[in-house]
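Data first, discussion second: the structure below is written as C-alpha cells.
Read-outs: derived from the displayed coordinates by stated rules, not from any lab. Everything quoted here is computed from the prediction, not taken from an experiment. Don't worry about glycine lacking a Cβ; one is built from the backbone with ideal geometry, like all the others, and counts go over all protein chains shown.
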Amino acid sequence: MFIPSATIPERGMNANADLAQRHRALIGRVAEDRDKEAFAELFDWYAPRVKAMLLKQCGSSEMAEDVMQDVFLTVWLKAGQFASSKGAVSTWIFTIARNRRIDVFRKQSSRHYVDIGEMEFADDAPESEEVLLSGEQDSLIAQAAATLPEEMREVIHLAFVEEKSQSQIAGELGIPLGTVKSRTRRAFEKIKQQLEGVL
Amino acid sequence: MTIAHHPDMATLIEYAAGTLDEAFAVTVSCHLEVCDQCRKSVRSAAALGGSFLCEETGVEPLGEGSFGRLLEKISAASETPHTAPDRVSELERGVTRGIPLALSGYLDTDLKSIRWKRIGPGVWQKPIPLSPGASSSLRLLRIAPGRGVPEHGHGGQEITLILSGAYRDEIGHFGPGDVADLDEHVEHKPQVVSDEDCICLAATEKPTRFKGIAGRLLQPFVGI
Ligand SMILES: [Zn+2]
C-alpha cells in the first residue's frame, strides 16, 4: 500500500512555514477587515484540496463542490473566532471540512443524531478554540506526526485519510484488532507528548 | 457529574474520524455531552486528523465560477438573521427529559414513559431502531435493584453508557455518565447496586457472531 512519505524535506518544511505564515496573515485580514481579496487567495489554495478530500466520500463532483462551498462559508463566518487562536490555518480548514463531511454522511442516513463535536458548550467554547487550534508555531502537528514510527502513522492515515474503521484496518493489514487499537492509542499519546499543552 | 469510566482512547479517535458505526457513535456522543475530558480528546483527535488530511490530499479542479457562487452564499447568509437554535439550551432540555440530546432524535418519550419489554427476571429492554445500513444494534436496558445478569462474554465490541442508577462488576462501580467500553475478550457479571433501577444505553455489534446454544441463551443479556 502506498503511504505518503513521512519525512518532509528541509526545504519543503521552510516553504510550508512561509506558506502557513502567509495564510495566517490572510485569515487575519478576513477576520478584521472582511477582506474578500485575502479570502479569494485562501480559497484558491485550499478549495481544490478540500474538494479533493470531500470527493472521496461524496461520490459526485457536484456534491463535493457544494459541501466545499459550505466549508468556506464557515471559514468566512468563523474567521474572527479562529484569528484569536495561534493555530495553523490548514488544520483548521481541514478540520471544518472533515466535520462537515461526517455531518453530510450522517444526514444521508435516515436518522440524524447530533454531533457533539460541532456543539459549543458554555463552559468550554473559548477553551476549545484554544485547545483544538492553538500551536506555538504552524505545522506543529504535522511535524510531530512526521516523527511517528511508520506502523503508527499508517493506522492514523488509514483512519482519517482513508476513513477505514479499526476492524477494516485490522483486516487490511492482517493484524489483530487489539494491535490496531494499541497503535492508534500510542500514536495519539506520542503526538500529545510532543505538543504538550498545545494539542 | 463525577465520571470514573471513559471510552477507550482508540474509540474516541474512531469517533473523531467518523468511522464508528451508528449505535457506537450515538452512545459515545451521549457520553461526550457530560464529559469535558473526552470532548477535549475528541477535538484534539479531530485536529490531528485535519492535519493528516491537509498533508496528504491532492487537488481537484473547481466548478466554473465557484468563488462567485460562494460570495453569493455569503451575502445571502449575512442577510438572513441568525436563527440557529441555541444548542446548549437544547441540550439542557434533553437532559431534563432524562435523555441525552444525541439520543433524543431516536426516542419520542422521556425515560419514565418508555414501554419496556421484559427479557428476564428484573431485566427489561427497549430496542432502538437505527438506519437500515447500520451494522450495530442499540438498546436501552433497565435492570432492577439487586438484579444482575449471568456472567457473559461479548460477541464483539460493546459500549454501555449508564443513564441512571448504578451497577458494579469485576471492573468497578458504574454510575450515571460512566461508560463501559468492552471488547469481546472481557467477561463480566454486572449487579445493580443502586436503590433505583439501573438504566443504560448499550451499543453492540450485530450479533451475527454468536454461535452455539450458550450464545443464543445469553443473547438477551448482551448489552451489559
Ligand atoms: Zn469521558
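Counting neighbouring beta carbons within 10 Å and listing from fewest to most, the residues B:Y106, B:Y15, A:Y46 come out as B:Y106, A:Y46, B:Y15. Between the beta carbons of A:Q194 and A:R24, assuming R0 = 30 Å, the FRET efficiency works out to 0.90 to the nearest 0.05.
A straight Cα-to-Cα reach below 30 Å connects B:K126 with the lysines A:K107, B:K112, B:K117, B:K189, B:K206, B:K211, residues fewer than 8 places away in its own chain not being considered. Placing dummy labels 7 Å off each Cα toward the beta-carbon, the span from A:A146 to B:H173 is 5.0 nm. Fewest neighbouring Cβ atoms within 10 Å first, the residues B:D178, B:D36, B:D197 line up as B:D36, B:D197, B:D178.
Looking at the stretch B:1-61, none of the trypsin sites (Lys or Arg not before Pro) sits in a DSSP loop with at most 14 other Cβ atoms within 10 Å of its own Cβ. Looking at the stretch B:1-74, the GluC sites (Glu not before Pro) that sit in a DSSP loop and have at most 13 other Cβ atoms within 10 Å of their own Cβ are B:E64. Normalising by the residue count of the stretch A:30-83, find the relative contact order in percent from Cα pairs under 8 Å and 6+ residues apart. Worked out over the stretch A:30-83, it gives 45 percent.
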